[in-house]
Amino acid sequence: MSGDAFGSGDVTIGADGLPRCRWGYATADYVAYHDEEWGRPVRTDDGLFERLTLEAFQSGLSWLTILRKRPAFRAAFAGFAIDKVAAFGPDDVARLLADPGIVRNRAKVEAALANARAAADLPAGLAALLWAYAPPRRRHRLRSFAEMPATTPESTALAKDLKKRGFRFVGPTTAYATMQAAGMVDDHVEGCHVPPVR
């Protein structure tokens, strides 16, 4: 896909004539993810658990790797249903570590189970907790990716709160990536065809 794209800067116009964030043209997988998901609000507990889990698994890896493995992750983690994953035991850990379709990292697998249990214990649910840290909407989109932060005061505070509640693999960078993926912030750059969420 990127071979068909032309333009300069942080917005690229591809063969379909639509201006997108530059990274959104790298592969067909990215085009769909950029246009249909990234930055779109997710407000369900299970949906946010999926975003948080996948962002944690992505740490140190390419997001494209995770995106392409997402169907296998969904199958392996019971569709990211918090109550089901919270009930996983040692046999499930062994099953997950033997599954070539996902990232087989023991620390991350065990963190996902611990996070499901921590999420299940939240009185108001995961969505209420995460969205409580969403910053005010920017008045204008960022002009370039150089302006995009890796962490923010809100993501730092969210990570601290999550860790206090027993979550693992949720540092400020992972928390901010989750905010981006779940539409708590709009980091599509100025000129991108994806409309801002109001």
- Task: For every helix of n ≥ 4 consecutive DSSP H residues, a contribution of -39,500 (n - 2.57) applies; sum these over the chain, divide by its total residues, and give [θ] at 222 nm rounded to the nearest 500 deg cm²/dmol.
- Result: -14000 deg cm²/dmol
- Query: Picking from S155, S62, S144, which is most flexible by a Gaussian network model of the chain using Cα springs under 10 Å?
  - Reply: S62
- Note on the structure: A correct Kirkwood calculation over the Cα atoms of the chain returns a hydrodynamic radius in Å of 17.5 Å
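Find the relative contact order for the chain and round it to a whole percent, using C-alpha pairs within less than 8 Å whose residues are 6+ positions apart. Numbers along the way, then the final one.
Working: 264 pairs, mean separation 55.2, N = 198.
Relative contact order of the chain: 28 percent.
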- Message: Just to confirm, what accessible area per residue do you get for region 65-109 at 1.4 Å probe, in whole Å²?
- Response: 50 Å²
- Considering only protein heavy atoms and a 1.4 Å probe, what is the carbon-and-sulfur percentage of the accessible area of the chain? 54 percent
- Largest first and in whole Å, give the semi-axes of region 118-190's equivalent ellipsoid, each being the square root of 5 times a Cα gyration tensor eigenvalue. 24, 13, 9
- Query: At a Förster radius of 25 Å, what calculated FRET efficiency corresponds to the Cβ-Cβ distance of A75 and T156, to the nearest 0.05?
  - Reply: 0.15
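Using a 1.4 angstrom probe, figure out how much accessible area region 112-198 has per residue, in square angstrom, rounded to the nearest whole.
Counting only protein heavy atoms, the per-residue value for region 112-198 is 49 Å².
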- Give the calculated FRET efficiency between R95 and E36 to the nearest 0.05, with a Förster radius of 25 Å applied to their Cβ-Cβ distance. 0.25
- Item | Calculated FRET efficiency for the pair E190/A124, C-beta based, R₀ 25 Å, to 0.05 | 0.10
- Query: What's the extension gain from M148 to A28 if we count 0.36 nm per residue and subtract their Cα-Cα distance?
  - Reply: 40.8 nm
- Note on the structure: If one builds a Gaussian network model of the chain from Cα atoms under 10 Å apart, the most fluctuating residue listed among K164, K108, K84 is K164
- Task: Please give the peptides 71-77, 86-92 ranked by average Cβ packing (other Cβ atoms within 10 Å per residue), highest first, as a rough proxy for protection.
- Result: 71-77, 86-92
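The values are calculated or read from the model by the stated rules, or taken from the named source; none is laboratory data. From a predicted model like this one, the values you see are computed outputs, not experimental measurements. Because the Cβ atoms are built from the backbone with ideal geometry, glycine has one as well, and the counts that use them run over all protein chains shown. SASA here: full protein model, heavy atoms, side chains in, ligands and nucleic acids out. Shrake-Rupley method; radii C 1.70, N 1.55, O 1.52, S 1.80 Å.
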